[in-house]
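Here is the structure we will look at, set down as structure tokens.
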Amino acid sequence: MEKTFLIKPMLDEIYPVIDYGKGVYLFDRNGKKYLDAASGAVTANIGHGVAEIVEAMMEQAKKVSFVYRSQFTSEAAEKLAAKIAEWTPGELNWCFFVNSGSEATETAMKMAIQHWQERGNQTKTKILSRWVSYHGITMGALSMSGHPSRRARFIPLLEDFPAINPPYCYRCPYNLEAPSCNYLCAKELETAIKRIGPDQIAAFIAEPVIGAAGGAISPPKDYFKQIKMICEEYDILFIADEVMTGFGRTGTMLACEQWGVVPDIVALGKGMGAGYAPIAAAVASEKVMEPILAGSKSVMSGHTLSANPQSCAVSLAVLEYLEKNDIMKEVDNKGVYLKYQLEKLKPQFNFIGDIRGKGLLLGIEFVADPITKQPFPRKLSVTQKIIEHAKDKGLLIYPAGSGIDGVNGDAVIISPPLTITKREIEELVFLLKGTFTVFSDEINTGMDG
Ligand code: PMP
């Protein structure tokens, strides 16, 4: 029997086979065109089929495709590290290259623990995180993730890391509004640190804009300033998981820059290779690396393909492309325009609960009742239905939400390539309106659970 990646009969029936991509569009082998308003998985940040990225990869491949990280480095890796240090704020000067976002957050976690060990603090090993979060699928990263449905099967194998409430203003656990709420959700960090003991905690990890678990939940203005202050007061490192938000997604290299906050360690991924090659990184500050360099001299982590020259050449070409075409500068304007167009859909479809996000990382949460914010029952699989209707119409959007009943069950992320034009934004919203009309008809005729 012929073997393929998927079981043979599933091909084409479940996943269309993509033939090629160009700009914000993908084309399947039946000639159907899709507007990729998800950038795949918030990854294809500069769009599909950019020739100069492919050329950069080929040029590197002609020189050397692989060197092993404990024997050699490469010009591509060195240049990329220098460029990231230049583009990131503060003293985030040390890059450890890996292959996926999960590896990046795991490496960040290990760097934090190692930092304290080298300073003689053997007990600082816990990583605090938040509910409604996603930091990756490997066991360490999943241990830090407040994503109930992804954790469920593996709970006995996960580390018991404590989590606090997220800055989820649409469903504020205190029923308050920012800024008069006094940022009680940030203050929860202090309460948790005091309860557990600062001598037990290595770091606090958070996504600047909550992605897969919540659907582009952006915090109120001073939230991260408060978080950083608390971390500093209690000697806890702050890890920003910028796997989804980094590399310009919100209009700045790091989303943390939007609030003037410099993390101690940053996890990068997704947009770093923009889908052209697997690459991710944990980027650490001088402060974090000092005791490590003075002690063991290197970070106790690594993968065979860490700092792969081809992937590094791709990421460098992506950064140069962003720089040369001044792409980040336009992200905020494009995001504002897209949000404005999405807001116009709200009065037409009463299942739109909340529209939120930052830059070109926007989210829509769906509710059964917009007044009470009652979520749809899980068994109706609302997100999945909306995503499928969108795909039928030739529009790709990204699923989000906790995946459990009674919480933030249903949301999507709208995150087109940063290169999207005004006309393409209008086309996106037109296709989304068509999608919502189909879903609305489905609700009115009674949905199957
Ligand atoms: N962190 C965040 C914020 C993410 O969005 C993701 C992926 N959705 C990850 C980590 C994990 O990245 P990967 O899938 O590349 O392992």
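No lab work stands behind these numbers, since they all come straight from the coordinates. All of these numbers come straight from a predicted model, not from anything done at the bench. So basically every Cβ, Gly included, is an ideal-geometry build from the backbone, and we count neighbours across all protein chains shown.
Below is a table of values for the structure above.
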quantity	calculated
Eligible lysines near LYS344 by straight Cα distance, threshold 21 Å, same-chain separation 8 or greater	LYS334, LYS358, LYS373, LYS393, LYS422, LYS433
Using θ = phi - 60° and Karplus 6.51 cos²θ - 1.76 cosθ + 1.60, couplings along region 200-211 (whole Hz; Gly, Pro as x)	9, 10, 7, 7, 10, 10, 8, 8, x, 10, 5, x
Square roots of 5 times each gyration tensor eigenvalue, C-alpha, region 89-164, largest first, Å	23, 16, 11
Amide H within-cut-off set for ILE414, under 5 Å, with H built and near neighbours excluded	LEU362, GLY363, ILE364
GNM flexibility winner over the chain from GLU232, GLU103, GLU91 (Cα, springs under 10 Å)	GLU232
The chain: antiparallel DSSP beta bridges as a percent of all, rounded to 5	65
DSSP-assigned coil residues among GluC sites (Glu not before Pro) in region 134-216, each with at most 12 further Cβ atoms within 10 Å	GLU177
Label-point separation in nm, LYS79 to ASN30, each point 7 Å along Cα→Cβ	4.3
Low-density loop cleavage sites - chymotrypsin sites (Phe, Trp or Tyr not before Pro) in region 157-240, where at most 14 other Cβ are within 10 Å (DSSP)	TYR174
Helical mean residue ellipticity (222 nm; -39500 (n - 2.57) per DSSP H run of 4+; nearest 500) of the chain	-11000 deg cm²/dmol
The chain: DSSP helices with Cα axial extent of at least 30 Å and average Kyte-Doolittle hydropathy no lower than 0.0	422-444
In region 71-139, the chymotrypsin sites (Phe, Trp or Tyr not before Pro) that fall in loop regions by DSSP, at most 16 other Cβ within 10 Å	PHE72
Between region 268-285 and region 134-171, the Cα center-to-center distance that results, in Å	22
Partner lysines for LYS63 [C-alpha distance under 24 Å; skip if fewer than 8 residues away on the same chain]	LYS79, LYS83
Cα-Cα separations in region 52-324 greater than 31 Å, expressed as whole percent	24
Inter-part distance where region 67-90 and region 306-372 are each reduced to a Cα centre, Å	28
Separation in nanometres of the label points that stand 7 Å from Cα toward Cβ, at MET229 and LYS187	1.2
Space enclosed by the convex hull of the alpha-carbon atoms of region 231-331, per residue, Å³	115
The chain, relative contact order in percent, only Cα pairs under 8 angstrom and at least six apart counted	22
